[in-house]
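Everything below concerns the one structure shown next.
Every number in this text was worked out from the coordinates using simple rules, so none of it is lab data. These figures come from a predicted structure and were not determined experimentally.
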Amino acid sequence: MLVALIVFCEVAFWVLLAAGLSLRYLARKPRLGAAVLLCEPLLEVILLVVTAIDLKNGAEPDWKHGLAAVYIGFTVGLGHSVIKWADVRFAHRFAGGPPPVRPPKYGMARAAHEWRTAARWILASVTALALLQAAAWYVGGDGDTASLRMWQQKMLWVIGINLLIAGGYTLFPKREPKGRVGAHH
């Protein structure tokens, strides 16, 4: 049941996003669109409550409980940026908004972009780590928390990879090709 709820939350995220943006731009109801978009966090609250109830009712923590924590963490860390990304594109396509700004490709501007991206992924991972740890404490020392610990290791990998990528762009900034310096792209 937990996996079905996770899938439902993901589908509902995109449905609410499409409905909110459609109301905002196509129906010209920005307040109603914003209200629909503000319903997005309720999905994670529902998933968190159902996961806690499942564990409280004696379910052994397994990969599904870990996946629920990771899903919630990633929504916390990345959900807002996904909504912003979609909003800009929807506004451009359907409401005459400006075209989306592409991320910088070169130099320290690219490094700064990579650090902002890494920060979102790290927030997602740290949130998941905290939820996974809370679940492990909730289950207690008598329960099998190996699957929760496995998910925690994966989140540490996500943090490490993002730090490596952002650090790489900082230490080895990509240079603009000759002949393109000052050119507009």
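Numbers at a glance
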| read-out | value |
| --- | --- |
| Estimated Rh, the chain: Kirkwood, alpha-carbon pairs, angstrom | 18.8 |
| Alpha-carbon centroid distance for the pair the range 82-137 / the range 1-58, whole angstrom | 19 |
| Residue with peak Gaussian network fluctuation, the chain [Cα springs, cutoff 10 Å], from ALA128, ALA35, ALA111 | ALA35 |
| Lysine pairs meeting the criterion (Cα under 30 Å, 8 or more apart or interchain), as found in the chain | 12 |
| Relative contact order, percent, the range 78-185 [alpha-carbon distance under 8 Å, six or more residues apart] | 35 |
| Gain upon complete extension [ALA35, TRP157; 0.36 nm per residue less C-alpha separation] | 40.3 nm |
